[in-house]
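The block underneath contains the structure these notes are about, expressed in structure tokens.
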Amino acid sequence: MASRYISRLARVSSHLSPNPLMASEKEAALAAAPPSDSPTIFDKIINKEIPSTVVFEDDKVLAFRDISPQAPTHILIIPKVKDGLSGLSKAEERHFEILGRLLYTAKLVAKQEGLEDGFRIVINDGPSGCQSVYHLHIHLLGGRQMNWPPG
């Protein structure tokens, strides 16, 4: 009984401990250039100007491993054409198809990566949402037990 209580206490306290990676992510988001039509690092990855470890690609979507993973599996899923989608808050009705395609791709990649026990999808939007690249992207995280609340 006591060991179960200590284990639960450890899990609860892990939610309260400051995470230095989170602080750096927040700093990166606050320092990020505001949305524009200028090419982002993701545009350079799409154009093969910057190398990446691609795990899925079709004519509309690219999925690749994050260079600063926050979980054993951390994949970014992006539309190949930004079309004004610098963030989710910029979505319009015309983006309906690509938004669904991104989520469906997340499901396919999760299966491909062996995440049968579950996974988390994250979309950061704007400075307060910790968005650091203004090209809509989905984080697919898995391979470990996720905590709640997420942050």
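The values are calculated or read from the model by the stated rules, or taken from the named source; none is laboratory data. Keep in mind the model is a prediction, meaning the values are calculated, not measured. Note that each Cβ is placed from the backbone with ideal geometry, even for glycine, and that neighbours are counted across all protein chains shown. Calculation scope for accessible area: heavy atoms of the full protein, side chains included, ligands and nucleic acids excluded. Shrake-Rupley method; radii C 1.70, N 1.55, O 1.52, S 1.80 Å.
Suppose we filter the stretch 23-66 for residues that are in contact with a helix residue (DSSP H, G or I) (Cβ under 6 Å, 6 or more places away or on another chain), open to solvent by 60 Å² or more (accessible area, probe 1.4 Å) and modelled with pLDDT of 95 or more; how many remain?
1
Any chance you could count how many residues in the stretch 106-139 are in contact with a Phe, Trp or Tyr (Cβ under 6 Å, 6 or more places away or on another chain) and under 17 Å from residue 60 (Cβ atoms)?
2
Anything in the stretch 67-98 that is more than 15 Å from residue 123 (Cα to Cα), touching a residue at least 60 places away in the same chain (Cβ under 8 Å) and open to solvent by less than 50 Å² (accessible area, probe 1.4 Å)? List them, or say none.
Across the stretch 67-98, the qualifying residues are 71, 73.
Considering only residues of the stretch 77-98 that are touching a strand residue (DSSP E or B) at 6+ places or on another chain (Cβ under 9 Å) and assigned to a helix (DSSP H, G or I), which is farthest from residue 64 (Cα to Cα)?
95
Considering only the stretch 53-78, state which residues are farther than 18 Å from residue 112 by Cα and more than 13 Å from the chain's Cα centre (by Cα).
The answer is 59, 60.
Being over 28 Å from residue 27 (Cβ atoms) and among the charged types (D, E, K, R) narrows it down to one of 59, 66, so name that one. Before the answer, list the steps.
Numbers: 66 fails: over 28 Å from residue 27 (Cβ atoms).
After ruling out the rest, the residue left standing is 59.
Given the residues 50, 45, which is the only one that is in a helix (DSSP H, G or I), more than 25 Å from residue 151 (Cα to Cα) and not basic (Lys, Arg)?
None of the others qualify; the one that does is 45.
Which one is most open to solvent (accessible area, probe 1.4 Å), of the residues in the stretch 99-151 that are assigned to a loop (DSSP other than H, G, I, E, B) and among the hydrophobic types (A, V, I, L, M, F, W, C)?
148
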